[in-house]
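Peer 1: Quick one: the structure is below, questions incoming.
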Amino acid sequence: MRGLFTAGVLDVLMERGVKFDGGIGVSAGACFGCNYKSRQIGRVIRYNKRFASDPRYCSWTSLFKTGNLFNADFCYRELPMELDVFDTAAYEANPMEFHIVATDCVTGKAVYTRLDKVDETAFRWIQASASMPLVSRPVEIDGRSYLDGGLSDGIPLRYFESIGYGRNLVITTRPHGYRKFPKKRMCLFKPLLKRHPAIYQALKSRHIWYNETLEYIDSRVAAGAAILVAPKEPLPISRVCHDPDVMQLVYDIGRRAGEACNIDWQ
C-alpha cells in the first residue's frame with residue numbers, strides 16, 4: 001500500500017506530459033507502474049479506494065480460501081478486464097518499454113521481464129512480482145515458480161542502467177536515509193518456507209543488498225545520473241490497508257512529491 005505514494009507521483013508526471021523511454025516496477029510498483037504506459041491517470045487510487053473493503057480484493061478470507069491475501073482471480077482478471085478496465089490498446093501503442101522484476105523460487109535470483117503486450121501471461125508476471133511470500137502462492141509461468149521481486153532486487157537501478165538507461169528517475173516509498181535491518185526471529189520463517197529454501201535465504205539477506213542499493217542510488221544522484229523521489233517522512237500506512245481515507249492521504253503525499261520533482265533532462 002506504500003505504492004500509493006508512487007501512484008501519486010506518477011499521476012502528476014502524466015498530467016505534465018512527462019514521457020520516459022522505459023520504466024521498471026517491482027511488486028506494487030509493477031501493479032501500479034504499468035498504468036504509466038497505458039496513460040491511465042487516477043486509475044490506481046480509484047480502484048484501490050473502490051475495493052478497499054471488498055473481501056474479493058484483499059482479505060484473510062481470500063488467504064484461507066485461495067492461498068493468496070490478494071485474490072489472484074479478482075485482482076489480475078476481473079478487476080482489470082471488467083471492473084476498472086486496463087487500456088491494453090493504449091499500453092501496446094505506447095513505445096515506452098515496461099519491465100518488471102520477479103524472484104525465481106528455485107534460485108532466489110531476480111528475473112527481469114519486458115512486457116510489450118497485455119495478455120494472461122503479462123498479468124501473471126505482474127502477479128508474480130507482487131506475490132509476497134507466506135501470504136501468496138508462488139506463481140507458475142512456463143514451468144517455473146516465482147514470488148515477489150522485492151526479495152531479490154527491490155530497486156533495480158543497476159539493472160536498468162545495464163540495459164542502456166543512462167538517466168533514471170527513482171521512486172522509493174521509504175524516506176531518504178532509511179536503512180533495513182536484519183529481520184528478527186528469522187528462524188521462525190524457515191519451517192514456513194521449507195519448500196523454498198532459496199526464498200528463505202533471499203529474505204534473510206535482503207537487508208544487505210537493499211542497503212547497498214540505497215548507497216548506489218545516492219552516488220548516482222550525486223553524479224547527476226539519477227533523480228530520487230522519496231517521502232520526507234515514513235508513510236502513515238501499512239502493507240495492507242482497508243481505509244480509503246488513509247489511501248487518499250498517502251496518494252496525496254505522492255502527488256505533492258511529484259509536483260516538487262524537477263525533471264529538466266532533454
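Peer 1: Looking at segment 172-266, which chymotrypsin sites (Phe, Trp or Tyr not before Pro) are DSSP coil and have at most 13 other C-beta atoms within 10 Å of their C-beta?
Peer 2: Answer in residue order: Trp265.
Peer 1: State which helices in the chain qualify, where a helix is a whole DSSP H run, it must extend 15 Å or more along its own axis by its Cα atoms, and its mean Kyte-Doolittle hydropathy must be at least 1.0.
Peer 2: For the chain, where a helix must reach 15 Å along its axis and average at least 1.0, the hits are 3-15.
Peer 1: Once both labels are modelled 7 Å past Cα along the beta-carbon direction, what's the Ile208-Glu233 spacing in nm?
Peer 2: Each label point is offset 7 Å from its Cα along the Cβ direction, giving 3.6 nm.
Peer 1: Roll a 1.4 Å probe over the protein chains and send me the accessible area per residue for segment 1-88 in Å².
Peer 2: 41
Peer 1: I would also like to ask the following. Multiply the residue separation of Asp84 and Leu192 by 0.36 nm, subtract the distance between their alpha-carbon atoms, and state the gained length in nm to one decimal.
Peer 2: The Asp84-Leu192 span can extend by a further 35.4 nm.
Peer 1: Take the chain, drop everything but the C-alpha atoms, weight them equally and run the Debye formula without solvent; then report log10 I(q)/I(0) at 0.09, 0.11 Å⁻¹ to two decimals.
Peer 2: -0.38, -0.58
Peer 1: Once you have the Kirkwood Rh of segment 87-238 from its Cα pairs, apply Stokes-Einstein at 4 °C and 1.567 mPa s and quote D in µm²/s.
Peer 2: Answer, rounded: 77 µm²/s.
Peer 1: Please give the Cα centre distance for segment 141-213 versus segment 15-66, rounded to the nearest Å.
Peer 2: 20
Peer 1: At 1.4 Å probe size, what's the solvent-accessible area of Met132? Round to the nearest 10 Å².
Peer 2: That residue has around 40 Å² of solvent-accessible surface.
Peer 1: Using a Gaussian network for the chain with springs between C-alpha atoms less than 10 Å apart, which of these wobbles most: Val18, Val246, Val135?
Peer 2: Of the options given, Val18 has the highest mean-square fluctuation.
Peer 1: Also, quick follow-up: Enumerate by residue number the trypsin sites (Lys or Arg not before Pro) in segment 93-166 meeting two conditions: DSSP loop (anything except H, G, I, E, B), and at most 10 other Cβ atoms within 10 Å of the site's Cβ.
Peer 2: Lys117
Peer 1: For all pairs of alpha-carbon atoms in segment 148-266, what percent lies in each bin of width 5 Å, listed from the first bin to the last filled one?
Peer 2: In order of increasing distance, the bins hold 2, 9, 16, 18, 18, 16, 12, 7, 2, 1, 0 percent.
Peer 1: Okay, next question. When the expected Rg is taken as 2.2 N^0.38 Å, what fraction or multiple of it is the alpha-carbon Rg of segment 8-165?
Peer 2: Rounded to two decimals, the normalised Rg is 1.01.
Peer 1: Still on this structure, please answer the following. How long are the semi-axes of the equivalent ellipsoid of segment 13-74, defined as square roots of 5 times the Cα gyration tensor eigenvalues? Whole Å, largest first.
Peer 2: 28, 13, 7
Peer 1: Cα-based Rg of segment 104-180 per 2.2 N^0.38 Å, rounded to two decimals?
Peer 2: Output field value: 1.21.
Peer 1: Treat each spin label as a single point 7 Å out from the Cα along the C-beta direction, and report the Ala93 to Arg185 distance in nm.
Peer 2: So the label points at Ala93 and Arg185 sit 5.3 nm apart.
Peer 1: Normalized C-alpha radius of gyration of segment 207-265, against 2.2 N^0.38 Å?
Peer 2: Rounded to two decimals, the normalised Rg is 1.40.
Peer 1: What number, rounded to the nearest 500 deg cm²/dmol, is the helix-based mean residue ellipticity at 222 nm of the chain, given -39500 (n - 2.57) per DSSP H run of at least four residues and division by all its residues?
Peer 2: Result for the chain: -12000 deg cm²/dmol, rounded to the nearest 500.
Peer 1: Among Ala102, Ala223, Ala28, which one shows the biggest mean-square fluctuation in a GNM of the chain, springs joining Cα atoms closer than 10 Å?
Peer 2: Per the Cα network of the chain with a 10 Å cutoff, Ala223 tops the list.
The values are calculated or read from the model by the stated rules, or taken from the named source; none is laboratory data. Note that this is a predicted model, so its numbers are computed, not measured. Neighbour counts run over all protein chains shown; Cβ positions are idealised from the backbone, glycine included. For the accessible areas, the whole protein counts, side chains as well, though only heavy atoms, and no ligand, DNA or RNA atoms are used. Shrake-Rupley method; radii C 1.70, N 1.55, O 1.52, S 1.80 Å.
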